[in-house]
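A short write-up of the structure that comes next.
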Amino acid sequence: MLQVKKLTFSYNDTPVLKDLSFQVKPGEHLSIIGESGSGKSTLLKVLYGEYDSLKGTIFWKEEEILGPKHNLVIGYSFMKYVAQEFDLMPFISVEENIGKFLSNFYPEEKQKRIAELIKVVELENVAKTKVKLLSGGQKQRVALARALAKQPEIILLDEPFSHIDNFKKQSLRRSVFKYLKEKNIACIVATHDKEDVLGYADKMIVLNNHEIAVNNTPENLYKSPKTPLIASFFGEFNVINNEIIYAHQLQIVERSDLKVIVKKCYFKGSYYLIEAILNEKTLLFESKNLLSIGAEMYLEISE
Ligand code: ADP
Ligand code: MG
């Protein structure tokens, strides 16, 4: 498994990562979340062995991950990394890019492998197209397939679906994460999108102030978010009597102590998000139906 112990890293003098310790088992899915600039990309690069100036240790099984001082070429065969900025070969096709690092020794095997990966990232219709003609989202999928080509034991993904449109995102996410589980490939996914986490991640780490704020299952963190930062990752919430209450936990009732005035309704598909006023402060709750502005409502907290 991946064993990270007391990892500390800074670019110059300002620390970016401070004293991080965590583990990832084979086949496990770990999400790294945190605000922009919190160090998610830096952490993945450090884990991949891109830097020397770190304190602490990183091991995959028996092998220590070391920086460029110790390796002629950055990276290890058991670990692959897909950066936020991916560099592909623009003048060759999608298929050729994906097969770039596969041996030509068994051409049939190679073709089969490429076809399998093209299916995983749903690029069948552009398999023979030159990469320079693709959209940003399509390129991101080629980079993903190329990283998977040699079947790593662990893959580091930096915002893997950030360039992909919403039409494709959901099914692609299912396809890729299902593939990783099937092949028992561990993954560490840096993201700020809760859709990348919920339903897929075994564990999630929240980075804040250069440190690991929490490391737990998404279920546990969702059920009892310790801080507004964690709650905000999962959705709209209120702080009522120092307690974090998600918008969907508030229900309209006949009468209660929580009397609010409706200010604005936002259509959210299967419900409306209602912005209301409670004692001059904004309160958010959800409603199945559209409410009229200025209406008085009584709310109750449900579990
Ligand atoms: P995230 O991926 O969570 O948005 P990053 O890891 O990219 O965060 O950045 C963390 C911090 O490190 C930021 O303050 C950023 O400005 C800084 N940083 C990132 N890359 C470099 C670099 N190559 N040199 C110096 N500072 C950097
Ligand atoms: Mg980043």
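Scanning the range 30-59 for residues that are more than 10 Å from ligand 2 (Cβ to nearest atom) and among the hydrophobic types (A, V, I, L, M, F, W, C) yields L30, I33, V46, L47, L54, I58, F59. Selection of the range 115-140 for residues being within 25 Å of the chain's Cα centre (by Cα) and closer than 16 Å to K150 by Cβ yields E116, L117, I118, V120, V121.
Taken over the range 175-209, the residue count meeting the criterion of being within 15 Å of I33 (Cβ to Cβ) and crowded, with 19+ Cβ neighbours inside 10 Å is 14. Do we have T42 as among the polar types (S, T, N, Q) and under 17 Å from Y76 (Cα atoms) here? Considered against the rule, which asks whether it is among the polar types (S, T, N, Q) and under 17 Å from Y76 (Cα atoms), T42 comes out as no. When K18 is tested against (1) within 16 Å of ligand 1 (Cβ to nearest atom); (2) exposed (fewer than 13 other Cβ atoms within 10 Å of the Cβ), only condition (2) is not met.
Assess whether I58 counts as being free of Cβ contacts under 8 Å to residues at least 60 places away in the same chain, assigned by TED's automatic domain parsing to the domain that holds K183 and crowded, with 17+ Cβ neighbours inside 10 Å. So I58 passes the test. Of the strands (runs of 3 or more DSSP E) that lie entirely inside the range 217-303, those containing 2 or more residues that are loosely packed, with under 13 Cβ neighbours inside 10 Å and out of contact with any Asp or Glu (no Cβ under 7 Å at 6 or more places or on another chain) span 258-267. Here V94 does not fit the description of being of a type in the set (A, V, I, L, M, F, W, C), within 30 Å of P225 (Cβ to Cβ), away from ligand 1 (no atom under 16 Å from the Cβ) and surrounded by 20 or more Cβ atoms within 10 Å (Cβ to Cβ). If the condition is being among the polar types (S, T, N, Q), farther than 30 Å from G137 by Cβ and modelled with pLDDT of 90 or more, then the range 57-116 contributes only T57. Inside the range 146-201, residues that are farther than 25 Å from S103 by Cβ, away from ligand 1 (no atom under 16 Å from the Cβ) and in a loop (DSSP other than H, G, I, E, B) make up a count of 6.
Residues in the range 67-82 include at least one that is within 16 Å of ligand 2 (Cβ to nearest atom), under 17 Å from the mean Cα position of the chain (by Cα) and in contact (Cβ under 8 Å) with a residue 60 or more places away in the chain.
The values are calculated or read from the model by the stated rules, or taken from the named source; none is laboratory data. Since the model is a prediction, treat every value here as computed from it, not as a measurement. Cβ sites come from the backbone with ideal geometry, for glycine too, and all protein chains shown count toward neighbours.
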